[in-house]
Amino acid sequence: MVEKKIFVLGLTVVLALGTLGFNWVDSILPTADAHGVQAQLQSRFIRIEDETFNRQSLQTGETLTVQGTLVSLVERDLRGWISIFSESTNAGNRWEMLARDPPGNVFDIPGNAVVEYSLSAKALEAGVYHVHTQLNVAKVGP
């Protein structure tokens, strides 16, 4: 009989606390939520430093060159590729890649290394662009 009273009392307390907004499960087993993790992983693997542009404005068809340094923050070798990321509210956002250094589409980034890079491209449509380097790391993302 005492066990039944303790059980009923315990159940009453749990129900009362639940109606007051207290979630005893969350206090015992707190949850964790995350979003946007993929987009931010790159900065924990490889950091883009000293990004410079050969000019701030140019005519359609002229060459834009972006240079900088990729700094590996991990010990293992990674594979990646760099490109120009651009956004524009008033243009088609089309570019022609003219040159990449390191050459090729995909290259190795040794662990704990510093790799200089250079990208040259020309805008195929007139507009106002927000431009920067985009590094894509294999199996990680941009």
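The values are calculated or read from the model by the stated rules, or taken from the named source; none is laboratory data. If you're wondering where the values come from, they're calculated on a predicted model, not measured in any experiment. Reconstructed Cβ throughout: ideal geometry from the backbone, glycine too, with neighbour counts over all protein chains shown.
Some values worked out for this structure:
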quantity	calculated
Filtered residue count, segment 39-90, keeping only those that are in a loop (DSSP other than H, G, I, E, B) and among the charged types (D, E, K, R)	5
Cross-chain or 6+ apart pairs with Cβ under 9 Å, segment 98-113 first and on the phi > 0 side of the Ramachandran plot, then assigned to a loop (DSSP other than H, G, I, E, B) and not charged (D, E, K, R)	Asn112/Leu73; Asn112/Val74
Residue satisfying all of: in segment 56-73; at pLDDT 90 or above and farther than 18 Å from Phe85 by Cβ; surrounded by the fewest Cβ atoms within 10 Å (Cβ to Cβ) among these	Leu73
Candidate set: segment 88-104, residues that are at pLDDT below 85 and not β-branched (Val, Ile, Thr); chosen: the one surrounded by the fewest Cβ atoms within 10 Å (Cβ to Cβ)	Gly104
Members of segment 74-87 found to be surrounded by 11 or more Cβ atoms within 10 Å (Cβ to Cβ) and within 16 Å of Phe45 (Cα to Cα), listed by number	Val74, Asp77, Leu78, Arg79, Gly80, Trp81, Ile82
Selection count, segment 119-131, where residues are touching a Phe, Trp or Tyr at 6+ places or on another chain (Cβ under 8 Å) and surrounded by 15 or more Cβ atoms within 10 Å (Cβ to Cβ)	4
